[in-house]
Amino acid sequence: MIECRNVSVRVGNFGLHDVSFVIPTGAHAVLSGPTASGKTTLLELIAGAIMPTAGRIMANGTDVTFMPPEVRRVGLVPQHGYLFPHLNVRRNIEYGTAGKSSADDLSRGFGIEHLLDRPVASLSGGERQLVALCRALSPRPAVLLLDESFSALDVALRSKALRELAILQGDREFTVLHVTHLESDTSVAAARLEMRDGTLQQVRSL
Amino acid sequence: MLLLFLAVPIILLVVLGGAGIGGALRDHDMIAALETTFVTATIATFLAALCGSPIAYALSRAKFRGRALIAAIVDLPLLIPHPVAGIAILLLVSRDTAFGSTLLDMGLRVVGTPAGIVAAMLFVSAPLYVSAAREAFARVDRRYEFVARTLGDTSWSAFRRVTFPMARRGLASAAIVTWARAVSEFGAVVVLAYNPKVVSVLSYDRFTTGGLRDALPIAATLVVVSIVPLLALRALRYDRSNEAV
């Protein structure tokens, strides 16, 4: 579950104002809106990169508003992956699992098991995004935030990744908030949130 | 024109003094000076890295009151003449100050000892380390650290597992520049410790006692020694420019 209650924040000249919504446990919601409407800022608030100036943020029933990112159990897949360049693919995926190997199962599910021993510098943009997704899923987060995380994948790979994500979500019951501009990404979503100028304009079920 | 002005005197020095390098390397004073130089420069570099890395990291990442003041303090030794730096350290460690007398009570003499050489080298070269290390840390996008924290790392473990390994080439470059600067230091060292002699002081000593002829082989050896870290630096930079991230 992700819940924002009257959340506001100011970052430089930009701010979010009085954002409130609830995404139930195990649901997949998409977040859309024009550029600079506050989508990434909202994800950063939920993940703990920035702290709100007002309001509360709940993740899986726990008030995480001022908790450090490492205890929130909130996974994040940035658009550009931010894979650690000094580690190979396997070690990137296993980064958050303290030695427990989850790389084989996850990489098989997303069709990247052949990349496990590759250095990340040799990956394409789409491969990087899938590795970043596996890395975020590896420590079994309660909440997963996707920031245009499939933008470099072609249509076929994108729908395969979304299907695999939906299967994992069914097994593990984590909640997904997915920033995307693509209508096709709403196929597995239960709700849509729309942002504009730092405010939440609309929340509707799909 | 400037390139010629920079290169020709050094080339001339190596060409004219090069023949004497073999003899210089059999000279007991030279061997002792090389040993003293390398050991003290290495200790000074280690101390600069140990104490300078947290400062460089804080300056590259954190916004805090007094940040500009700390940056100015770190840069200060670059702006003052090196003999003046030596005199300043001499004042600090003299038996007339509380700090100096405490050191003497602890049995640590600074003036005229390798400790004095390390202090002088550290004073003049640490700013270079902090400046280069700060750049190395700044090149690591802080979003890598944040992603590591969403994967369960504390800020310290994110630094240890992500930022440090990603900055390590830049930090190694910083250490090499610091070491090379420490090896070539003369002005501050000569004020604090004429003896035991480092190579730069030995070349000056030979110049004042025996003239250019005696100083040349020592000076040429110092130039050749200085080329080693330069080559290491070039190799590191070449590696980095060929490293796709």
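In terms of other Cβ atoms within 10 Å, A:ASP147, A:ASP63 run from fewest to most in the order A:ASP63, A:ASP147.
Classify the protein assembly as shown as rounded, prolate or oblate, taking a ≥ b ≥ c as the square roots of the eigenvalues of its Cα gyration tensor: rounded when a/c is under 1.5, otherwise prolate if a/b is larger than b/c and oblate if not. Prolate. Each residue of chain B gets 172 Å³ once the volume of the Cα convex hull is shared out per residue. The sum of -39500 (n - 2.57) across all DSSP H runs of n ≥ 4, divided by the residue count of chain A, sets its helix-only mean residue ellipticity at 222 nm to -7500 deg cm²/dmol. Placing R0 at 51 angstrom, the Cβ-Cβ distance between B:VAL8 and A:VAL203 gives a FRET efficiency of 0.10 after rounding to 0.05.
Remark: segment A:30-184 carries a charge dipole of roughly 160 debye about the Cα centre, counting +1 on each Lys and Arg Cβ and -1 on each Asp and Glu Cβ.
Simple spin-label estimate for B:ILE31 and B:ALA138 gives 4.6 nm between the two label positions (7 Å along the Cα-to-Cβ direction from each Cα). Since only A:LEU115, B:LEU171, A:ILE2 are under comparison, the one whose Cα sits farthest along the positive direction of the charge dipole of the protein assembly as shown, derived from C-beta charges on Lys, Arg, Asp and Glu, is A:ILE2. Evaluating 6.51 cos²θ - 1.76 cosθ + 1.60 at θ = phi - 60° for every residue in segment B:189-194, the Karplus couplings come out as 5, 5, 6, 8, 7, 5 Hz, glycine and proline recorded as x. The translational diffusion coefficient of segment A:2-205, from Stokes-Einstein at 20 °C and 1.002 mPa s with a Kirkwood hydrodynamic radius over alpha carbon pairs, comes to 125 µm²/s. Among A:THR41, B:THR42, a tally of other beta-carbon atoms within 10 Å of each Cβ gives an order, fewest to most, of B:THR42, A:THR41. Each residue of segment B:195-212 was assigned a 3J(HN,Hα) from its phi angle through the Karplus curve 6.51 cos²θ - 1.76 cosθ + 1.60 (θ = phi - 60°); the sequence is 10, x, 7, 8, 4, 5, 5, 4, 5, 5, 4, 5, 5, 6, 8, x, x, 4 Hz, with glycine and proline shown as x.
Fully extended, how many nm does the chain gain between B:THR209 and B:ALA62 (0.36 nm per residue separation, minus their Cα-Cα distance)?
Value of the extension gain: 47.7 nm.
With +1 assigned to the C-beta of every Lys and Arg and -1 to the C-beta of every Asp and Glu, and no other charges, what is the dipole magnitude of chain B about the Cα centre in debye, to the nearest 20?
On the way: 23 positive and 15 negative charges, 197 e Å.
Using only the charged Cβ atoms, the result is roughly 940 debye.
Does segment B:140-185 come out rounded, prolate or oblate, given a ≥ b ≥ c as the square roots of the eigenvalues of its C-alpha gyration tensor, rounded meaning a/c under 1.5 and, failing that, prolate meaning a/b above b/c? The shape class here is prolate.
For the peptides B:114-121, B:207-214, residues were scored by their other Cβ atoms within 10 Å and the scores averaged per peptide; the highest-first order is B:114-121, B:207-214. With point charges of +1 on the Cβ of Lys and Arg and -1 on the Cβ of Asp and Glu, referenced to the Cα centre of segment B:1-131, which listed residue (B:VAL74, B:ALA48, B:SER125) lies farthest in the positive direction of the dipole? Farthest towards the positive end: B:VAL74.
When only the Cβ of Lys, Arg, Asp and Glu is charged (+1, +1, -1, -1), the dipole of the protein assembly as shown relative to its Cα centre reaches about 220 debye.
No lab work stands behind these numbers, since they all come straight from the coordinates. Here the structure is a predicted model, which means the values were calculated and not measured. All Cβ positions, glycine included, derive from the backbone under ideal geometry; neighbour counts span all protein chains shown.
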